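Structure record follows, encoded as structure tokens.
Please treat every number below as a calculation from the coordinates, not as lab data. Everything numeric here is computed off the predicted structure, so don't read it as measured data. When we count neighbours, we look across all protein chains shown, and the Cβ atoms used for this are built from the backbone with ideal geometry, even at glycine.
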Protein chains: 2
Amino acid sequence: MARRTGRRPGKPETREAILAAARTAFAERGFDAASIRAIAAAADVDPALVHHYFGSKDQLFLAAMEAPIDPREVLPKVLAGDREGIGERLVRAFLGVWDSPAGAAGVGLLRSAVSNEWTARLLREFLTTQVLRRVLDQLEVDPAELPLRGSLVASQLMGLAMMRHVVRLEPVASAAPETLVAAIGPTVQRYLTGDLPA
Amino acid sequence: MARRTGRRPGKPETREAILAAARTAFAERGFDAASIRAIAAAADVDPALVHHYFGSKDQLFLAAMEAPIDPREVLPKVLAGDREGIGERLVRAFLGVWDSPAGAAGVGLLRSAVSNEWTARLLREFLTTQVLRRVLDQLEVDPAELPLRGSLVASQLMGLAMMRHVVRLEPVASAAPETLVAAIGPTVQRYLTGDLPA
């Protein structure tokens, strides 16, 4: 017997067809342009069935890329609090996820993204639409600057994950989380809300 | 006919035996602890032959890890100039290497390091002994802080390479180098010479 999970499983082959179509659509068109309707058509199922199996487009995307966490479970803590502390809170939450059991899946995703162009595209869409946009939407910064700010934050945080969990460069690899929060928080804060070059 | 290069080629099988022994030694023991003498013994050749084929231990290491550049050709420009500008100069030099033809080899090295523990170790030794130590040795900072400073710099710069050249997250992927120098230079400067958590 397959183990039960909280999510309605659906027929395995139908689920898999939807996930495959979703991966293609999200990687080729990006999260925003990919539609449930087009994904359903590519999988030859009714759009209502996609919603029934996976819920929202966000949830389908997380399932398609096998995301180890749903950022919506973590981000409220990051977003609650003063604007001046968001850099430290984001680094703290990021380390919390990577230092948890989900971190192993994160390393797997990073490995795959580095060797596989499609996973790289999915990771890019994940960072942009599921994490960075949600953080930046809460901050009063010039919308024209959001992409640069977001990709600078990603460069620092993904580099941190690389050095701590993949390359294991000491002392970043085994430093106490709060040491890294204090060291890297101000960087992320500046990328999010500080002055940037035009 | 094989193409001639500037370096004396030596017998291919002897060279390859030395390089294989060097890879093992540098990955297992680290750059500092690995000795030419032990590498020569493992390859069953005279130490003088290792020097004859490869030159210094630094040069042997760069050959063993197939480093696309010798940092000693780039770092003098980074190190020449005022202390307050070293962050920007390091980012500029880093981007110059990654945006050059050597960048493709850098991407290959990064891919390999992410999927292969031994390449990760060699990359770690490369960053530490060939790049970061040489930069930090020029700065008057507390020697006890050097490892943390170095690994913070690595986390930002390798994350930049990942986002610009592998994941290709826009606008970092196609930004003008000077935009990134202005945005990321102050981060690297703070990691090198600024106040850090104890």
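Taking every C-alpha pair closer than 8 Å and separated by at least 6 residues, the mean separation divided by the residue count of segment B:12-64 gives a relative contact order of 42 percent. Highest mobility in the GNM of chain A, judged by mean-square fluctuation with C-alpha springs under 10 Å and restricted to A:71, A:12, A:47, is found for A:12. For chain A, the relative contact order works out to 23 percent when only alpha carbon pairs closer than 8 Å and six or more residues apart are counted.
Each residue of segment B:117-127 is assigned a 3J(HN,Hα), and the resulting list reads 4, 5, 5, 4, 5, 5, 4, 4, 5, 4, 4 Hz, derived from the Karplus form 6.51 cos²θ - 1.76 cosθ + 1.60 (θ = phi - 60°), x at Gly and Pro. Using the Cα gyration tensor of segment B:85-151, with a ≥ b ≥ c the square roots of its eigenvalues, what is the shape: rounded (a/c below 1.5), prolate (a/b larger than b/c) or oblate (neither)? Because a/c hits 1.5 or more and a/b fails to exceed b/c, segment B:85-151 counts as oblate. Remark: C-alpha extents of the protein assembly as shown on the principal axes read 73, 47, 38 Å, sorted largest to smallest. Sorted from shortest to longest, the distances between the residue A:33 label points of this copy and the other copies are 5.2 nm, with each point 7 Å from Cα along the line through the beta carbon. The mean number of partner chain beta-carbon atoms within 10 angstrom of a residue's beta-carbon across peptide B:178-189 is 4. Which residues make up the longest stretch of chain B that has no trypsin sites (Lys or Arg not before Pro) in a DSSP loop with at most 16 other Cβ atoms within 10 Å? No qualifying site falls inside B:8-167, the longest such stretch. Per-residue shielding of B:58-64, expressed as the average number of other chain Cβ atoms within 10 Å of the residue Cβ, stands at 0.
Among residues of chain B, the one whose Cβ lies closest to the rotation axis carrying chain B onto chain A, together with that distance rounded to whole Å, is B:159, 1. Starting from the label point of residue A:133 at 7 Å along Cα→Cβ, the same points in the other copies fall at 4.6 nm, in ascending order. With the convex hull constructed from alpha-carbon coordinates only, segment B:71-193 shows a mean projected area of 7.2 nm² over all directions.
Label-point spacing for residue B:99 across the identical copies (point 7 Å from Cα in the Cβ direction), in nm and ascending order: 3.7. Counting only GluC sites (Glu not before Pro) that DSSP places in a loop and that have at most 15 other Cβ atoms within 10 Å, the longest clean stretch of chain B runs over B:67-139. Phi angles across segment B:157-168 convert, under the Karplus curve 6.51 cos²θ - 1.76 cosθ + 1.60 with θ = phi - 60°, into 3J(HN,Hα) values of 6, 6, x, 4, 4, 4, 6, 7, 10, 10, 6, 6 Hz, Gly and Pro given as x.
For segment B:10-79 and segment B:142-198, compute the distance between their C-alpha centroids and round to whole Å. Spelled out, the Cα-based centre of one part sits 28 Å from the other.
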